[in-house]
Amino acid sequence: MIYTPSEIEERYSKAGISKAELPTLKTFLLAVFAGIYIALGAFGSQVAATEVEPAALGKFMGALIFPVGLLMVIMAGAELFTGNSLIIIPVLEKKVGIKGMLRNWGIVYAGNLTGSIFVAAMLTYSHAYSIFGGKLAEAVVATAQTKVSISFTDALLKG
């Protein structure tokens, strides 16, 4: 089914209202799971890309794996901050208050962060990064160094 722009806006508005009304604990737990799913997708992406030659093929394989995390978020009905940013639509329509939106954003952001840190700790303490003779760990560190060394403007535009 193809929706018109106004139908899409209406659907996002209804979704935003229901997200803003979710109980705090449920919102947080669904956000933790979203953080877990995205972190697992990112880990799978790095694993798929490591040791593949040429490097461009490895990046392509990683790009095919990463969306699995997003699929898990959608299929499980988890709460991911990027999607919840659209709560601004019912706020602009005065169907949700700014306080409700900011409450949701704070809970979801904290939950996503908690879930991703949990996966990072599990992978670290299980020595999962040591596969491929430590090359996976090197790839993960190189990726992190690249991401933290870009300028604010580049990060904003790439985001």
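Kindly indicate the residue of the range 37-83 that is among the hydroxyl-bearing types (Ser, Thr, Tyr) and either in a loop (DSSP other than H, G, I, E, B) or out of contact with any Phe, Trp or Tyr (no Cβ under 9 Å at 6 or more places or on another chain) (or both) and also least open to solvent (accessible area, probe 1.4 Å) among those meeting that condition. Spell out how you get there, then give the answer.
Step one: filter the range 37-83 for residues among the hydroxyl-bearing types (Ser, Thr, Tyr), giving 37, 45, 50, 82.
With the extra rule that they be either in a loop (DSSP other than H, G, I, E, B) or out of contact with any Phe, Trp or Tyr (no Cβ under 9 Å at 6 or more places or on another chain) (or both), the set shrinks to 37, 50, 82.
Working: 37: 44, 50: 16, 82: 100 Å².
The residue in question is 50.
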So the check is Cβ under 6 Å with 6+ separation or different chains; which pairs have a first residue in the range 133-159 that's surrounded by 10 or more Cβ atoms within 10 Å (Cβ to Cβ) and a second one that's in a loop (DSSP other than H, G, I, E, B)? 135/50; 136/50; 139/50
Consider residue 50 carefully, then state whether it is at pLDDT 95 or above and either of a type in the set (S, T, N, Q) or under 21 Å from the mean Cα position of the chain (by Cα) (or both). no
For the range 84-113, which positions are farther than 13 Å from residue 20 by Cβ and buried (at least 17 other Cβ atoms within 10 Å of the Cβ)? 111, 112
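Give me a count of the residues in the range 1-36 that are of a type outside the set (Val, Ile, Thr), open to solvent by less than 70 Å² (accessible area, probe 1.4 Å) and in a helix (DSSP H, G or I). Outline the logic, then answer.
Looking only at the range 1-36, we keep the residues that are of a type outside the set (Val, Ile, Thr), and these are 1, 3, 5-7, 9-16, 18-23, 25-26, 28-31, 33-35.
Add one more test, that the residue is open to solvent by less than 70 Å² (accessible area, probe 1.4 Å), and what stays is 9, 13, 15-16, 18-20, 22, 28, 30-31, 34-35.
Of the ones still in play, those that are also in a helix (DSSP H, G or I) are 9, 13, 15-16, 18-20, 28, 30-31, 34-35.
Qualifying residue count, the range 1-36: 12.
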Against the definition (within 19 Å of residue 70 (Cα to Cα) and in a helix (DSSP H, G or I)), how does residue 104 come out, yes or no? no
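The values are calculated or read from the model by the stated rules, or taken from the named source; none is laboratory data. Since the model is a prediction, treat every value here as computed from it, not as a measurement. Heads up, the Cβs are rebuilt from the backbone with ideal geometry, glycines too, and the neighbour counts pull from every protein chain shown. Ligands, DNA and RNA are stripped out before the accessible areas are found, and what is left, the full protein with its side chains, is counted by its heavy atoms. Shrake-Rupley method; radii C 1.70, N 1.55, O 1.52, S 1.80 Å.
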